[in-house]
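The values are calculated or read from the model by the stated rules, or taken from the named source; none is laboratory data. It should be emphasised that the depicted structure is a prediction, and the values quoted were computed from it without experimental measurement. Using ideal geometry, Cβ is built from the backbone for each residue, glycine included, and neighbour counts are taken over all protein chains shown. What goes into the accessible areas is simple: the full protein's heavy atoms, side chains included, and nothing from ligands, DNA or RNA. Shrake-Rupley method; radii C 1.70, N 1.55, O 1.52, S 1.80 Å.
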Amino acid sequence: KPCPLCDDAKEVLEPYKRRFILQEVDITLPENSAWYDKYKYDIPVFHLNGKFLMKHRVDIQKFEDQLMKLELQND
């Protein structure tokens with residue numbers, strides 16, 4: 001903290017918040033050191049359903065496509 005890129009990403013994802021659960025991970029906490037080692041230069045990083053999706057900024061088209069695929073699988 002602060003993380004302006006994270007704040008920007010959350011704002012972009014706000015309209016979709018009813019369609020997924022956003023879980024934030026503070027990579028600076030000792031228990032998240034593996035994430036810190038992997039992503040310290042790439043925040044924010046996004047995983048969807050446990051799989052890497054994107055980093056640095058929200059690619060809204062990619063996010064929408066992957067979210068829709070997940071929703072169709074779960075219907």
Residue set L13, L53; condition surrounded by 14 or more Cβ atoms within 10 Å (Cβ to Cβ), in contact (Cβ under 8 Å) with a residue 12 or more places away in the chain and in a helix (DSSP H, G or I); output residue L13
Over the stretch 34-50, the set of residues open to solvent by 100 Å² or more (accessible area, probe 1.4 Å) and either touching a Ser or Thr at 6+ places or on another chain (Cβ under 9 Å) or of a type in the set (D, E, K, R) (or both) is D37, K38
Checking D42, D65, D59 in turn, the sole residue that is over 21 Å from P4 (Cβ atoms) and among the acidic types (D, E) turns out to be D65
Per the filter on the stretch 16-33, residues closer than 21 Å to F52 by Cβ, open to solvent by 100 Å² or more (accessible area, probe 1.4 Å) and not in a loop (DSSP other than H, G, I, E, B) are E31
